[in-house]
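Following: one structure in structure tokens, then a few remarks.
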Amino acid sequence: MAEQEFETLRTIFNDAVDIDEGSSTAKLALQPEDDAMEFIRVELAIKLPANYPEEAACCSCNVWGEHEDEAESLEQELQELAEERAEMACESGYEIVEHARMWMYDRNHPRGRCIICLAWMHNPHDSAVPDDDINEDSVCVLPCGHCFHEECAAHWAATTQLASEISASQPNSSSEQLPGQPCAYCRQRYDADQLGIGNMLHVRANLCWSYSPTKSKSG
């Protein structure tokens, strides 16, 4: 029965599904078709037991760009769905994937405040946030999954880059300049050029340098 379920998933989801027949597990990477709109992505694993579908599939997932408690809630929802289908001895693979996919799309927009400027990121689905507390500037999502206004991310990157360069230029400094820029939340480093904010970063960096103590003394 597992082979038939895996074939169904292959037919519907094509290259998005990776089947490990040895462990009877299907793994899927769920993300929006438009990379520019990717704020949340989900990696889903569905393990089918030997007496499937009478026994429930085991679901697990990793979620990027969402709070840990939300990810745990999704995993619980998927497992409950699998158990409901098992009670009826019905296949559940497609329903599990579709539930996770719709969950991702429903949440795939910036949520909460930008932690750099503390203004709310524009979210057309959230009517509870007052309009005068929203910054409608474009939002970018970093490889680590954290979202910021593009201008804020560029300014943060330029400022931390300047601080690193000034520290490294000090006599007897042991500071090492690391490649890329750090996320303002988790400090994971990324390439601003690949993210599309490289030009903005360079403009901000030049502005920061024009006001830096090192620049002023050398001038």
Could you tell me which numbered condition GLY145 fails, if it satisfies all but one of (1) at pLDDT below 70; (2) part of a loop (DSSP other than H, G, I, E, B)?
-> (1)
Is one or more of the residues making up region 74-94 of a type outside the set (D, E, K, R), under 18 Å from the mean Cα position of the chain (by Cα) and closer than 30 Å to ARG187 by Cβ?
-> yes
How many residues are open to solvent by 80 Å² or more (accessible area, probe 1.4 Å) and modelled with pLDDT of 85 or more if we restrict to region 23-43?
-> 2
Taking the options ALA89, ALA71, ALA56, ALA100, name whichever one is buried (at least 19 other Cβ atoms within 10 Å of the Cβ), small (Gly, Ala, Ser) and free of Cβ contacts under 8 Å to residues at least 40 places away in the same chain.
-> ALA56
Check on LEU178, surrounded by 15 or more Cβ atoms within 10 Å (Cβ to Cβ) and at pLDDT below 80 | no
In region 112-142, residue nearest to ASP193 (Cα to Cα) [restricted to those that are modelled with pLDDT under 80 and of a type in the set (Gly, Ala, Ser)] | SER138
Does ALA82 satisfy the condition of being under 25 Å from GLY145 (Cβ atoms) and either part of a helix (DSSP H, G or I) or in contact (Cβ under 8 Å) with a residue 60 or more places away in the chain (or both)?
-> no
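The values are calculated or read from the model by the stated rules, or taken from the named source; none is laboratory data. Nothing here was measured: the structure is a model prediction, and the numbers come from that model. Positions of Cβ are backbone-derived with ideal geometry, glycine not excepted, and every protein chain shown enters the neighbour counts. With ligands, DNA and RNA removed, areas are computed over all heavy atoms of the protein, side chains included. Shrake-Rupley method; radii C 1.70, N 1.55, O 1.52, S 1.80 Å.
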